[in-house]
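Q: Below are the structure tokens for one structure; questions will follow.
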Amino acid sequence: MLVKLDESRLHDGRQSARALAIARGTQRLLTALGRTCVTELPLPSGRRADLVALADDGEIWIIEIKSSIADFCADQKWPDYRAHCDRLLFATALDVPQEIFPGEAGLIVADEFGAELLRDAPAHRLHAATRRSMLLLFARAAARRLQALGDPNGPYGTEF
């Protein structure tokens, strides 16, 4: 059975078309690197991660999307994400100056068709309890979203 995908449900309307294009290309890169992704994942801290990527070995990456210099300068909450991942990265467009992004995070340059990892992110391993909590958040969000795609009128909530 084929399910028609309603792309309007995959984001919450806060993202610009440019940010969505960066997210799409970044997800393609992450998939090629053997990771699965969840977008706009609410974190225990109350923050919301743009992209969370999970590797087969359980390593968790958070990717913060910055579509412009102004976007980067206006939002300096990125250090808070470190508490929820093994590696923190930024994803941006080719025309955004790379030197504005801090060296203690990885860097991805993307467009809607693909992306390139320009700088690896330093590892800072999560505590086991935090990893378990993040894995459960990731799994529950992915399952809820899959259920909602199969049953758009069901009781699965509107979190996308």
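Q: From (1) at pLDDT below 95; (2) within 25 Å of G25 (Cβ to Cβ), pick out the condition that doesn't hold for D151.
A: The one condition D151 does not meet is (2).
Q: Determine whether segment 98-115 contains at least one residue that is touching a His at 6+ places or on another chain (Cβ under 9 Å), modelled with pLDDT of 95 or more, in a strand (DSSP E or B) and surrounded by 17 or more Cβ atoms within 10 Å (Cβ to Cβ).
A: So far as segment 98-115 goes, no, none of its residues is touching a His at 6+ places or on another chain (Cβ under 9 Å), modelled with pLDDT of 95 or more, in a strand (DSSP E or B) and surrounded by 17 or more Cβ atoms within 10 Å (Cβ to Cβ).
Q: Sticking with this structure for a sec: W61 is checked against (1) of a type in the set (F, W, Y); (2) in a helix (DSSP H, G or I); (3) under 23 Å from R144 (Cβ atoms) and fails just one. What number does that condition carry?
A: Unmet for W61, out of (1) of a type in the set (F, W, Y); (2) in a helix (DSSP H, G or I); (3) under 23 Å from R144 (Cβ atoms): (2).
Q: Would it be correct to say that I65 is out of contact with any strand residue (DSSP E or B) (no Cβ under 7 Å at 6 or more places or on another chain), at pLDDT 95 or above and surrounded by 12 or more Cβ atoms within 10 Å (Cβ to Cβ)?
A: In short, no.
Q: Which of (1) farther than 16 Å from L54 by Cα; (2) without any contact (Cβ under 8 Å) to a residue 60 or more places away in the chain; (3) out of contact with any helix residue (DSSP H, G or I) (no Cβ under 8 Å at 6 or more places or on another chain) does G150 not meet, given it meets every other one?
A: Failing condition for G150: (2).
Q: Quick one: A148 ticks every box in (1) of a type in the set (A, V, I, L, M); (2) within 14 Å of the chain's Cα centre (by Cα); (3) surrounded by 19 or more Cβ atoms within 10 Å (Cβ to Cβ) bar one, so which box is it?
A: So A148 meets the others, but not (2).
Q: While we're on this one: Between residues in segment 69-89 that are closer than 12 Å to S45 by Cβ and residues that are among the aromatic types (F, W, Y), which pairs lie under 6 Å by C-beta distance while being six or more apart or on different chains?
A: Correct list of pairs: C85/W61.
The values are calculated or read from the model by the stated rules, or taken from the named source; none is laboratory data. Bear in mind the structure is a predicted one, so any value in this text is a computation, not a measurement. With ideal geometry, Cβ positions are generated from the backbone for all residues, glycine too; neighbour counts draw on all protein chains shown.
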